[in-house]
Each structure stands twice: as structure tokens, then as C-alpha cells.
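See below for the structure under consideration.
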Amino acid sequence: MLAQSITDLIGNTPLLKIPSHVHGLKNIEVYAKLELFNPWGSVKDRTAWGILKPNLDELNNKIVIESSSGNTAKALQMIANLYGSSLKTITNRIKVPEAKDVLRLIGTQIQELPGKSDCYDPHDPNDPIVYIEQEIAKDPEKYIYSDQYFNDLNRKIHYDTTGKEIVDDLGKVDYFIGGLGTTGSTLGAAQRVKEYNPDLVTVGVVAEKEDYIPGIRNHDETLEVGLFNPDFYSEIVTVNSHDSLEAMMKLIKGAGLLAGPTTGASFLGAIEYLKRIDSTLTETKKAVFIACDRVEWYTSYIRERKPEWLGESPSESWKDKVTIDKQADISINEIIQWIDDNKPLIVDLRQPISFKTAHIPDSINLPYDHLDSMLNTTNPFCTKQKILLVCPLGEKSALVASYLKNRNIDAYNLQGGINAWRDQDLSLERDL
Amino acid sequence: MFPLTPVIASHIEETLSDENKIHEWMRAFGSPLNLIYPQAVVDNLSQFQKVFWSHKIKGEIFYAYKANKSVAILKQLAVSNAKVDVASEKELQKVLSAGFVGQRIEATGPKNNSFIRLALLHNVVLNVNSPQELETIIRLRQQLGMTSSTPVFIRLKEFNSSKVDIVQKDAKFGFSIEEAKKTIEKLKDSKDIEFYGFSFHLPTISEQERIVAIEQSLTLTLEAIKVGLTPRGINIGGGFSANFLKDEREWHDYISAIKDSLIDPNRPSMSWNQSGLGYWAEKGKIRGSAKFSDFYRSYDQFEELDKVLEAKAPTFGIVNQFLQENMLTLFIEPGRSLLDQAGVTLARVVSINTSLKSETVVFLDMNRSHMNSIELEFMSDPVVIGSKNRASKSATDGVFLSGNLCLPHDFICRRKIFFKEELEPGDILAFINTAGYFMDFTESETIQHPMAYKIAIHSSTWSLDEKYEPKFN
């Protein structure tokens, strides 16, 4: 296979038959439309290409503007890059840090929307669409507004390609299940599949309101989506992120599909709906759901919800075995005399920026984070020199001093730390 | 049926359980009547302080007095270790007479000369809104021949971050970054002004925006230290959440019902005259944003402060550690969140009418000025305290609560409220948790209806608000 352009690789994705022990249905064959095979890894590659392809000339001198929190933004940016353009996304929905990192990496300008106001101004429109329109109005010649939530090209590309491919591969399909974000992929593809089988049942999947599933909206949010046509769906199933992740793991472990949380949600929505009718069937039916993207850029999302799956047991630390040694404490009342008598090396454990702003005269800065990792293997002090450790409140320094004392370092702790020092009006120096 | 069941603290439950007492009060003081619980404010204060202690940072709390005019709350806070934030000359006079001394008072908001003068003479901390206001303060100091220096916070209106780009709304209060830098230079050799630190007050509850603002304040604070000033800390204002509702699901269902009713005209209306409470339907799609704040919050105000202190600022690391390391105090100015569960508004049902479009409208003996926080809707259901020996009849639909003004738009709640039973004239409705901004922020004697009485409730007894004697633990 030889591709002339990366965009030639968009679409023509395979269908994967999910083993029956993974979905547990007796009379229904379940197929995943592997949209994660697209070149940038998601179903949105089609959406972005479908919207930008008719406007490629304009990419010479315009930039793309969109409200996208992830995959659409990524695909728009990749296409824009090819044509010397770029993307600005205005959103408050990027909740996955990896997604943000990748977008920044490939050159997307991310602008966040202001949060909901608690000091209410009845004259403030407070509407994301208004912000985008204001931004475009400032310089109408500058932007192409891809408008994925209202743009019919989003639906059309899935009618032209995704739906067609499913019919070509499977013929008659009885059930079609998709997560509802912009609702373009489910609507477009299902319309095409329905032309082949007018009895097609289409099921939309949304998230619970108090929950968050990437790329999928909740009931209220779908009401704001221009492409959303509630009458098209036989049923809209609500799923939560916890169960969606469990379903995702079934696909990963049982079907060999490295699916992400959104695919898990669509799969779960499919099973929830289909299991109710499975036992009433007398002949075999076919169901298709969209496997929209892969798992890799959701690890922090998963860690928040299923930390045990990432199974990080904390490694041993020098701190585990320290007992605080009161002998190491020097009280603030005797500190000046003690420094005069002992001429210690004064080691300040705070961050460099804090140290530069104010510190005890003649001290050096060894930030705690560095020392912390160092102490697991070694320490930077000699046994002949007295050491006075200083931290904000004398807590971390007490820990370090006690540990070092045990290692034959003549280490001491300034009780109360730099705060106590300042409260006594003792002299501080700053470096500019 | 879409109820919004309020959270009711036990001290409020206790009052409401004595129905005879409630009816007696209503006869004696008229409708509406406000109940104030000064001890609840002290409890909230100590919970905020516990958060500061748990993070081992120095924290100072300025009670935003504008949130409620109660004198009882002021008197109780005057004998605690709270400080107070005033926004007008009259507020300043009131807190002085309640027992706060100048060092415990901060003056915020737009200030006229007599407000500034009184603040200067009492050595009140001035939270300065503009470079010009700073000029005025210096000029008035000279007129007064003041020798002691005047403590100030410099309020910021501009927050930049190299890490996050946020669409900025326009802001009318405060100094730009450039102006703040010039001011630091100007103040470094000043004997007149003692620079307390930078302050901000965000009009948003977004965690991310707050962190960006904190980061900006800290950046400028370090610059101030570099030129030789000794700021005490940063003032991050108020805007802490308070949760009003018991059930998250009820909250979500209610909002869905408003939106669904706008899209499908066959559904019963959830807002008076389908006004939508900030939402509207355009070509079958919902647009707009809510004219109410989130009455359900999954975390409380103390957890919110906790989160701020634990948050990681992109450049400076964890906020609490940075404050510790630089020996900075964190000042906050809570209003609503400090008054959580400290007030109830009682109102009597006067009459009930059926509207042209067959909605039930319940007329209360109170008006919009008695429960209005800048047009924000009160999104928690009042508790019904029935008149004696009344028959009970199950309600079949929700109702709208109208006020007693001769204006078509005078509603106490323009959202539909679903009571279990039909209301009757003489019933008393108890709105829970109205102390913060709802009770008296816009109260007026419009069409010569009287202002509401306030009574202060404490352990076993009660008094008129202004006759309250502070309690000592």
C-alpha cells in the first residue's frame, strides 16, 4: 500500500467482530467499526477532513477556529499543518491533560473560556458560541469556522464514507450504536445504513450529568448541539464513566482492541441496550458500534477513576524509617549565638525563587525536592562540617536532620523554620 | 414533579419545628420576617480557620458585611478573631459601633471622599481600586495631616499566565499589571502608604482562573519584595461556594426539565411565561446560560479553600508551600459562604390565583426586593409551615410564587416549584439559607411596603437583631 498523502489514509477502516464471550449476547453479532485505525487515531479524522476538504484553498491565508476539546482539534490541526495553516480552539472542555499536551505539541493555540460567574451580571451573554462569534467578528477574513456542532459537512462525511463502508462490508445491519458528541458520526453513518435496512434501530449513548466521558455529552448538552436530531434515535442510553472503563477493559483484554474510554462507553451502551432484546430474538441479528479512539492519551483520566489499575506501589523511601531526633533541634531563641559559636553550613531547603527573595545570610540553597530524591541513595554532606537545615516551618528540616544524624552527619534543625526567623525580626538577605 | 429539597441545618430544623412560635412571630412582626443565627457564622469562621491551620499557613478572614445587614452577626464576629470588609461609609460606621477597631477593618469597592476620610482616620486597610483612587487617598491624607502610614491592598484586574490562555472578560475594578508595577516603584520609598499586598476578586468560580490570578499576584508580590517593600500576603477575595441542596440528582433533573420544556412546547412550562431562566430555544436548540448559580455543589466552601491551598500553580508549585516559604499570609473575604445556614426568610401566603394560561400563582406577602441577589433566582424549595387545622390536599402541579407589588414581573420565584400539598392562604413559607445576599441586599420600601424585621435566634431564646448580646464559648 502506497499513500501519496496522509489524508488518503483517512477512512476505509476495518470492522472487527467482537467475540461472543466478551459481549455475552446469544443472538446478536457485535461488530466494532475501528475508527481508531484512522491516521491520527480517531473517528474525528473523517469529520475534520470532511469539513476542511471543500475549503483547502482558504487554508493558505486563514486559520481554523473551533470549539473542540480533543480529537477534532487534533485532526483539524494536522490537516491545517499540511496546508500551512493552524488551529485555534476556544473551549472549556479539555479535561484530559495528555490531550492538551499533544495539541500544544502539534501547534494548536488553546484558549480557555471563562468559568461560570458567581458574581452575576445579567447583561453578560456567558455563551461559548458568542465568544467564538466575537472572536471571528474581530477579523472575519482571518478564520475558517469549522463549526463541528452545527456544520452539516460533519454528518455528510459519515454518510458518504463511514456508513457506506459498513454497508459494503456487512450488508444488512440491525442495530447501530454510537456515542453522542457532535452527533455527526452516528447520524451520518446510521442514515446510510438505514437506507439499506429501513428497520435499522439507532441507539445514542450519553454520559450521566454529574459525570464526564471524553467526547460524549450529557442529556442537557446534546440539546445545544445543532446536528442533534432526537427523533432519529430509538433510544438514548445513559452510561457512567466507571462502568464505561470496565467495558473498555473487556475490549482491551477480551477482544485485543486497545480501545479508549469513549469506545468503552459506546460498547457499554450497546450491551445495555441489546441485552434486553437478545433473549426475545429467534434469528441472528447484527449490531455495529463505533470504536472511536485508543486508550493511550487517557492514562491520567483512568488514574483518577481507577488508580488501582495502574498499580503503582510506592517505592521505599529514606523517610520511612526516620524517627525525629529532638537532639537535632535548635530553638529560635538561641539560634544567633549557636550560629556564632558553631559556624555551620546553613542549608535552605525551600524553592530557589523563595530563597532568592529572602534568606538567612550566608546560607546556600538545596531545594527539598532534589535532596529528597538524592537521600534515597546518598547524601551530599561531609561528616566534619556542622549543618543547619532550614525550611518554611521546621518540619521537613527536622526530618532531614534526624535522618542525617543517624548517618553520622552533624546535622541540626532550625525550629520553626524561616517563619520563626522572620517573626523574630532577624536579618534576611535577598538576591536580585 | 421536580423538587429541590434544601439542606437544613439542625439549628434551623429546631426553630421550624415549633410551628406555634413561627405563627406567633409572624403575627407580631409581619411578613416577611428574617431569622438570623449568629452562632452559625462563628462555626463557619472556625471551619475556615481549621483549613488554614491544616495547611500550616497564616490566614486572615474578612467577613464581607455587604452580604447581610444583620447587626447581631457583626456583634458576634466582633468578639471573635474575624476581620470585616466594608463597602460604604455607613457600613464602616456600623462595624465601628459594633466593636471592630480600624486594624480589623478593610474598605473595598468604589469609595467617595467621606468614606475614605473616615477609613483613613481609623487606620482602616484600604483596598485600592485604581491609580487615581490611590492619588485621592494620598491627597486626603495630606489634608488630614496624617502622620501614621495608611495600609493598602492594591487590587488587580489583569491576570496573565504563560501556561494558560483564558478569554478575558472586561473588568472595571483594579490595576493593570503595568499600573501595579509602576505603583510598586512609587510606593517603595513612601512613608505615607504601607503596602499590605495585592488583592483580587474574581467574578468566576473557576478553579483554573483562580490559580492564574494567584500566580499573577505572587509574581507581582515577589517583585514588590525585590524593590524593598514588605507585603504581608495576598488577598484572594471571596466567591467561595455554598451548597443549598440535599440531592444532586434533583438538581440535574430540574435543570433538564427547564430545557426540555423550552424545546417541547407541549410540555408544562417550568418558568413563568416560558421565560427560560436565562435559556431559550433557537431552531430547536438550547442557547444562553443560567440566570441562577449552582445551588448544588458537590463540595463545600471549606473543601474549596482546601483545594486552592493544595493547587499547583504552574510556576510556583503548591500554593500552601509557596505561602509558607515566603512567609506570606492568605487573606480571604467570604460573604455567602460564611453566612451558610445563618439565615431563614419567612413569608405568609396571602392569596392564590389561576393565571390566564391555567398556572397556579401563589401571592406572598413579600416582594422581589426581599429576596433578590441581582436578579439571580433562588433555586431551593421553601419549607411549608401550614396554618392550623387546615385540610391537606395533594398538589397536582407546581406553582409560581408572586410578590406583593402591582407589577407583572414581581415574582419571588419565576421557576415552577412543586409542593407536595396545595398551599392555602395563611400558610407560612420558610426559605432556607437566605442570609448571604438574598435576604436584604436589594431590600427597599418600594410602594411603601415596610422593610422586614430581623430576629436573632440563639440556643434557647431569641431577640430583635439589633438587641442581640454576643455569646462567649
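Considering only residues that are part of a loop (DSSP other than H, G, I, E, B), at positive phi and within 26 Å of the chain's Cα centre (by Cα), which ones fall in segment B:235-286?
Restricting attention to segment B:235-286, the residues satisfying the condition of being part of a loop (DSSP other than H, G, I, E, B) are B:236-244, B:246-247, B:264-270, B:275, B:283-284.
Next, from what is left, pick out any that are at positive phi: B:237, B:239, B:283-284.
B:237, B:239, listed by residue number.
Name every residue in segment A:20-63 that is in the same structural domain as residue A:247 (by TED's automatic domain parsing), over 25 Å from the mean Cα position of the chain (by Cα) and touching a residue at least 60 places away in the same chain (Cβ under 8 Å), in order of residue number.
Result: A:21, A:22, A:23, A:24, A:25, A:26, A:27, A:28, A:29, A:30, A:31.
How many residues are part of a loop (DSSP other than H, G, I, E, B) and without any contact (Cβ under 8 Å) to a residue 40 or more places away in the chain when one looks only at segment B:423-451?
2
How many residues does segment B:334-359 hold that are out of contact with any Lys or Arg (no Cβ under 9 Å at 6 or more places or on another chain), on the phi < 0 side of the Ramachandran plot and surrounded by 17 or more Cβ atoms within 10 Å (Cβ to Cβ)?
Of all residues in segment B:334-359, those out of contact with any Lys or Arg (no Cβ under 9 Å at 6 or more places or on another chain) come to B:334, B:336-342, B:344-358.
Filter again for on the phi < 0 side of the Ramachandran plot, leaving B:334, B:336-340, B:342, B:344-357.
Among the residues that remain, those that are also surrounded by 17 or more Cβ atoms within 10 Å (Cβ to Cβ) are: B:334, B:336-340, B:342, B:344-349.
Residues in segment B:334-359 being out of contact with any Lys or Arg (no Cβ under 9 Å at 6 or more places or on another chain), on the phi < 0 side of the Ramachandran plot and surrounded by 17 or more Cβ atoms within 10 Å (Cβ to Cβ): 13 in total.
Within segment B:318-371, how many residues are within 11 Å of chain A (Cβ to nearest Cβ) and within 30 Å of residue B:11 (Cβ to Cβ)?
Going through segment B:318-371 one residue at a time, the tally reaches 3.
Could you list all residues from segment A:392-414 that are within 14 Å of chain B (Cβ to nearest Cβ) and outside any helix (DSSP H, G or I)? Steps first, please.
Kept after step one, since they are within 14 Å of chain B (Cβ to nearest Cβ), are these residues of segment A:392-414: A:392-398, A:414.
Result: A:392, A:393, A:394, A:395, A:414.
Can you name every residue in segment A:333-361 that is in contact with a Leu (Cβ under 9 Å, 6 or more places away or on another chain) and over 17 Å from residue B:325 (Cβ atoms)?
A:335, A:336, A:338, A:339, A:342, A:344, A:345, A:361
The rows are residues; the columns are (1) under 26 Å from the mean Cα position of the chain (by Cα); (2) modelled with pLDDT of 95 or more; (3) over 30 Å from residue A:422 (Cα atoms); (4) among the acidic types (Asp, Glu).
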{"site": "A:258", "(1), (2), (3), (4)": "yes, yes, yes, no"}
{"site": "A:284", "(1), (2), (3), (4)": "no, yes, yes, no"}
{"site": "A:288", "(1), (2), (3), (4)": "no, yes, yes, no"}
{"site": "A:295", "(1), (2), (3), (4)": "yes, yes, yes, no"}
{"site": "A:304", "(1), (2), (3), (4)": "yes, no, yes, yes"}
{"site": "A:311", "(1), (2), (3), (4)": "yes, no, yes, no"}
{"site": "A:326", "(1), (2), (3), (4)": "no, no, no, no"}
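For segment A:341-351, does any single residue satisfy the condition of being free of Cβ contacts under 8 Å to residues at least 40 places away in the same chain and within 14 Å of chain B (Cβ to nearest Cβ)?
Yes - at least one qualifying residue is present in segment A:341-351.
Taking the stated definitions as given, is residue A:253 within 14 Å of another protein chain (Cβ to nearest Cβ), free of Cβ contacts under 8 Å to residues at least 24 places away in the same chain and over 19 Å from residue A:47 (Cβ atoms)?
no
May I ask you to say which residue of A:168, A:220, A:160 is surrounded by fewer than 20 Cβ atoms within 10 Å (Cβ to Cβ), assigned by TED's automatic domain parsing to the domain that holds residue A:295 and either in a loop (DSSP other than H, G, I, E, B) or at pLDDT below 95 (or both)?
None of the other options fit; the residue is A:220.
Among the residues of segment A:130-176, what is the count of those that are among the β-branched types (Val, Ile, Thr) and touching a Leu at 6+ places or on another chain (Cβ under 9 Å)?
3
For the subset of segment B:183-212 comprising residues that are away from every other protein chain (no Cβ under 11 Å), within 24 Å of the chain's Cα centre (by Cα) and not in a loop (DSSP other than H, G, I, E, B), which member is nearest to residue B:329 (Cα to Cα)? Working first, answer last.
Step one: filter segment B:183-212 for residues away from every other protein chain (no Cβ under 11 Å), giving B:183-200, B:211.
The next check asks that each one be within 24 Å of the chain's Cα centre (by Cα); those that pass are B:197-200, B:211.
From the residues that got through so far, the ones that are not in a loop (DSSP other than H, G, I, E, B) too are B:197-199, B:211.
Working: B:197: 9, B:198: 11, B:199: 12, B:211: 16 Å.
If we take residues in segment B:183-212 being away from every other protein chain (no Cβ under 11 Å), within 24 Å of the chain's Cα centre (by Cα) and not in a loop (DSSP other than H, G, I, E, B), then B:197 is nearest to residue B:329 (Cα to Cα).
What are the residues in segment A:239-269 that are touching a helix residue (DSSP H, G or I) at 6+ places or on another chain (Cβ under 7 Å) and either within 16 Å of residue A:182 (Cβ to Cβ) or outside any helix (DSSP H, G or I) (or both), if any?
A:239, A:255, A:257, A:258, A:259, A:260, A:265
Mind checking which residues of segment B:151-172 are within 11 Å of another protein chain (Cβ to nearest Cβ) and in contact with a strand residue (DSSP E or B) (Cβ under 7 Å, 6 or more places away or on another chain)?
Listed by number, the residues that qualify are B:164, B:165, B:166, B:167.
In segment B:390-443, which residues are β-branched (Val, Ile, Thr) and either crowded, with 23+ Cβ neighbours inside 10 Å or under 17 Å from residue B:5 (Cα atoms) (or both)?
Within segment B:390-443, B:399, B:412, B:417, B:428, B:432, B:434 qualify.
Residue under question is residue B:230, and the condition is that it be in a loop (DSSP other than H, G, I, E, B) and either in contact (Cβ under 8 Å) with a residue 24 or more places away in the chain or of a type outside the set (Phe, Trp, Tyr) (or both); does it hold?
yes
The values are calculated or read from the model by the stated rules, or taken from the named source; none is laboratory data. Bear in mind that the values here come from a model prediction, so they are computed numbers and not experimental data. Every residue, glycine among them, receives a Cβ derived from its backbone with ideal geometry; neighbour counts consider all protein chains shown.
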